[in-house]
Amino acid sequence: MRIGLYAAMDNGPVKDQRIDYIAVDQGLTHLYKQGIKPLLAIGDFDSLEDQKLLEDLQVERHPVQKDDTDTALAIKYAITQGYDEIDVYGVLGGRADHMLAALCLLVQYPDTKITLYDRQNKITYLPKGHHHIPVTDDYFSLFALKDTVLSLNHCQYPLDHYLLKPFDPLCVSNTCEDYVLIDNSEAVLFLQTNNEGE
């Protein structure tokens, strides 16, 4: 099952209005601007400017001082409700600490297909294995979480059993016509980026 979350940053319109959404704090404002009433609003609501938006909604309120971010709480909630695919908006851009925390969630929940979106980027966690991935954006990039033997085919810059280490930027801005074939011995982060807004 698939669901969406929208957090504090205004990352533009959601890609799929057919699925249900959870509002994460100020994300409630961004969903209502798109005519989307969420199933639930979750968070401490310290950044929600219009508290009246919470009326007539199911609300799960948390204290400001807590061990999880509001986004982490929303992802935990979605997983406990049986969702195994989660589209996340509102976490890329703005505060770098929140963006890095969102990237940590991709690694923390490897069995859940979590995709982070903004206007230009789509970020997913790619477990080790062989992957045939449609690429609909202008560029794709990969980043290792630990030493990874990586092969890339059907793309502009192929690789054959390259040892990709964390913090190695070699795999930035590759391109392909319609799909890329990836073999990775360990999990990696996979990003697709378009030129929209440049």
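Listed by first and then second residue, the pairs with beta-carbon distance under 6 Å, at least 6 apart or on different chains, first residue in the range 130-157 and farther than 13 Å from V180 by Cα, second of a type in the set (G, A, S) and open to solvent by 10 Å² or more (accessible area, probe 1.4 Å), are L145/A187; T148/S185; V149/S185.
Can you tell which of D160, D97, D118 is free of Cβ contacts under 8 Å to residues at least 12 places away in the same chain and either open to solvent by less than 60 Å² (accessible area, probe 1.4 Å) or in contact with a Ser or Thr (Cβ under 6 Å, 6 or more places away or on another chain) (or both)? Before the answer, list the steps.
Numbers: D97 fails: either open to solvent by less than 60 Å² (accessible area, probe 1.4 Å) or in contact with a Ser or Thr (Cβ under 6 Å, 6 or more places away or on another chain) (or both); D118 fails: free of Cβ contacts under 8 Å to residues at least 12 places away in the same chain.
Answer to the check: D160.
Only residues that are in contact (Cβ under 8 Å) with a residue 60 or more places away in the chain and over 24 Å from T112 (Cβ atoms): list them for the range 31-87, please. None; the set is empty. If only residues of the range 1-28 that are surrounded by 18 or more Cβ atoms within 10 Å (Cβ to Cβ) and polar (S, T, N, Q) are counted, the one that is nearest to the chain's Cα centre (by Cα) is N11. The range 9-119 holds strands (runs of 3 or more DSSP E) entirely within its bounds, and those carrying 2 or more residues that are closer than 23 Å to F140 by Cβ map to 85-89, 113-117.
Suppose we filter L40, L53, L57, L48 for residues that are over 18 Å from A101 (Cα atoms) and open to solvent by 30 Å² or more (accessible area, probe 1.4 Å); which single one remains? Don't jump to the end; show me each part of the working.
On the way: L40 fails: open to solvent by 30 Å² or more (accessible area, probe 1.4 Å); L57 fails: open to solvent by 30 Å² or more (accessible area, probe 1.4 Å); L48 fails: open to solvent by 30 Å² or more (accessible area, probe 1.4 Å).
Only one candidate qualifies: L53.
In this structure, does D168 turn out to be acidic (D, E), at pLDDT below 95, over 19 Å from L106 (Cα atoms) and surrounded by 12 or more Cβ atoms within 10 Å (Cβ to Cβ)? Criteria not met by D168. For the range 137-157, taking the residues that are surrounded by 14 or more Cβ atoms within 10 Å (Cβ to Cβ) and touching a Lys or Arg at 6+ places or on another chain (Cβ under 9 Å), the one that is nearest to T115 (Cα to Cα) is identified as D137.
The values are calculated or read from the model by the stated rules, or taken from the named source; none is laboratory data. As the structure is a computational prediction, the values presented were derived from the model and not from experiment. Don't worry about glycine lacking a Cβ; one is built from the backbone with ideal geometry, like all the others, and counts go over all protein chains shown. The protein model used for the area step is the full one, side chains on, heavy atoms only, and it has no ligands, DNA or RNA in it. Shrake-Rupley method; radii C 1.70, N 1.55, O 1.52, S 1.80 Å.
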